[in-house]
Amino acid sequence: MKPVILAIDDDEPMLWLISKILKDFEVVIKPDGFEAMLWLSKGNHPDLILLDREMPNLGGDRFLRALRGSGLFRDIPVMVLSSWLDRQYEKDLEHLNVRKFIEKPFDPIYLLKQVEDSIYTKSLNSA
């Protein structure tokens, strides 16, 4: 069974690019945090979440806080992808256990390596 990656971004071309880069994974795409929460509430549990910072409805920050506040999803690894990152933002979210902050635009090979490393690390920790 392929690892499941939940990609949350309101930018359709970005979601298309992510799905192509991660073609060896099962990539579930959602346009915002609200749609992602609905998907999770149906019993789905991805191996990794790729999360955009700025989105309508339920943005990345609020989604992440809700995710970490829940008992069911607090251990899912999260990587934040954004064209607007700074050290203060990263520091503000340290307590929410973000695995990696990746600035857009990113190198596709770098993203793939980070995802593979995260999935591999999670598999080792679960064993």
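The values are calculated or read from the model by the stated rules, or taken from the named source; none is laboratory data. Everything quoted here is computed from the prediction, not taken from an experiment. Heads up, the Cβs are rebuilt from the backbone with ideal geometry, glycines too, and the neighbour counts pull from every protein chain shown.
Tabulated results
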| read-out | value |
| --- | --- |
| Tally of residues being farther than 19 Å from residue 18 by Cα, in a helix (DSSP H, G or I) and either polar (S, T, N, Q) or touching a strand residue (DSSP E or B) at 6+ places or on another chain (Cβ under 7 Å) (or both) across segment 87-122 | 3 |
| In segment 1-44, residue surrounded by the most Cβ atoms within 10 Å (Cβ to Cβ) [restricted to those that are under 17 Å from residue 113 (Cβ atoms) and of a type in the set (A, V, I, L, M)] | 7 |
| Those residues of segment 1-48 which are among the charged types (D, E, K, R), more than 16 Å from residue 99 (Cβ to Cβ), assigned to a loop (DSSP other than H, G, I, E, B) and touching a residue at least 12 places away in the same chain (Cβ under 8 Å), in sequence order | 2, 9, 10, 11, 24, 32 |
| Matching entry among 67, 51 (being surrounded by 15 or more Cβ atoms within 10 Å (Cβ to Cβ) and either at pLDDT 90 or above or in a loop (DSSP other than H, G, I, E, B) (or both)) | 51 |
| Residue in segment 74-81 that is part of a helix (DSSP H, G or I) and surrounded by 18 or more Cβ atoms within 10 Å (Cβ to Cβ) present | no |
